[in-house]
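Worksheet for the structure shown next.
Nothing in this text is a laboratory measurement; each read-out follows from the coordinates by a stated rule. All values derive from a computational prediction rather than experimental measurement. Ideal geometry is used to build each Cβ from the backbone, glycine not excepted, and the neighbour counts take in all protein chains shown.
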Amino acid sequence: MKWQARGMVLGLLAMAVGMSNACVAEEGSDSKGAASITKAVCVLKATKGNSVSGTITFTQQKDGVLVEAHVMGLKPNSKHGFHIHEFGDISSPDGKSTGGHFNPTKMDHAGPNSAKRHWGDLGNLEADENGHATHKSLDKVIMIHGEHTILSRGITVHAGEDDLKSQPTGAAGARIAVGVIGLAKTE
Ligand SMILES: [Cu+2]
Ligand SMILES: [Zn+2]
């Protein structure tokens, strides 16, 4: 009886070892999967007192990341700075919990086409007469996955225009919408 019990224990141990090996194998394929992450999405939420809504997508291309934005509820016929901010924390009603511009390489604020810029400097959205902005640009700096991934960072849309030079924020004014960049569902 004693030996039988011991055999059972050993059997259970072997099963447990087998199961943990299976877990390791799955983790391995997960990390391979990370290399195929090609699309991220940010759904905007208006800050207190604003009614901005919209979606910004990031799609990996051969030569950069395609940034596409569709935003509504903006002040008509005006420019609105928008940036990737350091934190994906949109818990504060004024949007300030997203922190400052995402700046992993410790550069000054600038425009999206400058060689030296915050990684988060996406430039301006341009609202039409209906307060609707459609934006499309190819960003050669940001990365969807990798050392300085944009995943889990925040996006902030501002009330005013980013002048692309004032430090450290482009003087773009209050935060009218915020969102978190997450993994997009791809078909
Ligand atoms: Cu900003
Ligand atoms: Zn900046």
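Quick notes on this structure:
- Across the cross-link table entries Lys96/Lys136; Lys96/Lys140; Lys106/Lys185; Lys116/Lys185; Lys39/Lys79, which are compared at the Cα atoms, the separations over 29 Å belong to Lys106/Lys185; Lys116/Lys185.
- Amide H to amide H distances under 5 Å link Leu125 with His80, Gly81, Phe82, where only residues 5 or more positions off or on other chains count and H is placed in the peptide plane.
- Residue list for the stretch 72-116, given a label point 7 angstrom along the Cα-to-Cβ vector of Thr55 and an amide N cut-off under 16 Å: 72-73
- Cα-projected label distance for Ser78 with Asp163, points at 7 Å along beta-carbon direction, nm: 1.6
- Of Thr169, Gly154, Ala127, farthest towards positive along the dipole that unit charges on Lys, Arg, Asp, Glu beta carbons give the stretch 127-187: Gly154
- Taken one residue at a time, the phi angles of the stretch 142-151 give Karplus couplings (6.51, -1.76, 1.60, θ = phi - 60°) of 6, 10, 6, 10, x, 4, 10, 4, 7, 4 Hz. Gly and Pro are set to x.
- Cross-link reach is defined here as a Cα-Cα straight distance under 17 Å, omitting same-chain residues fewer than 8 places apart; for Lys165 the aspartates and glutamates meeting it are Asp108, Asp121.
- Each residue of the stretch 33-187 gets 102 Å³ once the volume of the Cα convex hull is shared out per residue.
- Paramagnetic reach from Lys45 in the stretch 71-89 [backbone N under 11 Å; point 7 Å along Cα→Cβ]: 89
- Inter-part distance where the stretch 61-106 and the stretch 118-187 are each reduced to a Cα centre, Å: 3
- Our coupling estimate for the stretch 40-56, obtained by passing each phi through the Karplus curve with A = 6.51, B = -1.76, C = 1.60 and θ = phi - 60°, is 10, 9, 10, 9, 7, 10, 5, 7, 4, x, 10, 10, 7, 9, x, 9, 10 Hz, Gly and Pro reported as x.
- Peptides ranked, highest mean first, by Cβ atoms within 10 Å: ranges 39-47, 128-136: 39-47, 128-136
- By average C-beta atoms within 10 angstrom, highest first, the peptides 162-168, 152-158, 177-183: 152-158, 177-183, 162-168
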